[in-house]
Amino acid sequence: MKNRLKVLAQYAIPKQAITALAGILAHFEGGNKTSAVIKWFVKRYNVNMAEAANPDIKSYKTFNEFFTRPLREGARPIAQTDFICPVDGAISQFGSIEQDQIFQAKGHHYSTAALLGGDKSSAKRYANGKFACLYLSPKDYHRIHMPCDGKLVKMTYVPGDLFSVNPVTAQGVPGLFARNERVVCEFVSEQYGHFVMVLVGATIVGSMATVWHDTKQGIINPPRRGHIQVWTYKDKDVTLKQGAEMGRFLLGSTVVMLFEKDVLQFNAEWQAARTVRLGEMMGVKL
């Protein structure tokens, strides 16, 4: 009952306004006040600053600068394998796509077409393929890296809700990851075919960014557009190597990955893990 009330409350609260305010505050240069907030956050969520390239809390001018901090060199060794885990986080769900249906939680599925913003043509590629949904908690490193080599084909901004993406909400909100705001990044690889990385927004996720987007710091939102927007890259060579950074969350959320049929087999140790780390073996090519 308690969890149900938490989910129901999210339908009533002004999620867009709260998120917009959080984004403003996260960019605010507050000097000692900002340092105090970061210090509280580090203690509250047990953030391991020893892994950061810059462990000095007081040196961060804004909360977002701290939140998107890079790791020190060597903090995440890259496994010698076909597919690596692209983030630090927890495995929310993973497995086979049943025709076009992706498992969210008990009693809930959503379609690949819905996740991709209604793009049925792209969605067909992933029929009976594989998916993985990874949740990034507040303490995690919030940059997203490439699971394998890939050339960017298309990026799509899809407007939507801003429900929380924690496990409780995933169990209570139908089609959560296909109804929240998201950025869909589709790549193609000579070895592994097409694959998708979807950056899913959530309550107080100030914005999402990619390394190739032609705005300040690669930020895609805000502004929060009320319509789908598509960027194609056929005439540009945006090619990223395995392990390279591809994007980041300014405040945290979830990444959903889709792979074509008969391409990927998840590693047994990765499947058994509850939490995963960037660079670990995720799977091998079939």
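Quick notes on this structure:
- For segment 237-286, the solvent-accessible area with a 1.4 angstrom probe is 46 square angstrom per residue.
- Residue of Val256, Val158, Val42 that the Gaussian network model of the chain assigns the largest fluctuation, springs spanning Cα pairs under 10 Å: Val42
- Full extension of the chain between Asp237 and Lys285 gives 14.8 nm of extra length, using 0.36 nm per residue less the Cα-Cα distance.
- On full extension, the segment bounded by Asn48 and Glu73 gains 7.5 nm, given 0.36 nm per residue less the C-alpha separation.
- Translational D in µm²/s for the chain (Stokes-Einstein at 25 °C, 0.890 mPa s, Kirkwood Rh from C-alpha pairs): 128 µm²/s
- Between Trp212 and Trp40, the modelled labels are 4.0 nm apart [label points 7 Å from Cα along Cα→Cβ].
- log₁₀ of I(q)/I(0) at q = 0.19 Å⁻¹ - segment 54-149, Debye sum with one point per alpha carbon: -1.02
- Of all DSSP beta bridges in segment 133-245, antiparallel share, percent nearest 5: 95 percent
- By accessible area, using a 1.4 Å probe on protein heavy atoms only, the chain has 53% of its surface on carbon and sulfur.
- If you run the Gaussian network model on the chain, springs between alpha carbon atoms under 10 Å, then out of Lys139, Lys154, Lys39 the most flexible one is Lys39.
- Helical content of the chain, expressed as a calculated mean residue ellipticity at 222 nm, amounts to -6000 deg cm²/dmol (DSSP H runs of 4 or more residues, -39,500 (n - 2.57) each, divided by residue number, nearest 500).
- Taken per residue, the accessible surface of segment 122-204 reaches 27 Å², heavy atoms only and a 1.4 Å probe.
- Between segment 43-102 and segment 189-266, the alpha-carbon center distance in angstrom: 15 Å
- Overall dimensions of segment 192-245 by Cα: Rg and Dmax, Å: 12.9, 35
- Top of Gly160, Gly31, Gly175 by mean-square fluctuation, Gaussian network on the chain, Cα under 10 Å: Gly31
- Total lysine pairs under 30 Å (Cα atoms) in segment 30-165, excluding pairs fewer than 8 apart on one chain: 24
- In this simple spin-label approximation, Asn32 and Gln99 carry label points 7 Å from Cα along the Cα→Cβ vector, and these lie 6.4 nm apart.
- Hydrodynamic radius of segment 129-188 per Kirkwood, over alpha carbon pairs, in Å: 13.6 Å
The values are calculated or read from the model by the stated rules, or taken from the named source; none is laboratory data. The structure displayed is predicted, hence computed values, not measured ones. When we count neighbours, we look across all protein chains shown, and the Cβ atoms used for this are built from the backbone with ideal geometry, even at glycine. To get the accessible areas, we keep the full protein, side chains included, count just its heavy atoms, and leave off ligands, DNA and RNA. Shrake-Rupley method; radii C 1.70, N 1.55, O 1.52, S 1.80 Å.
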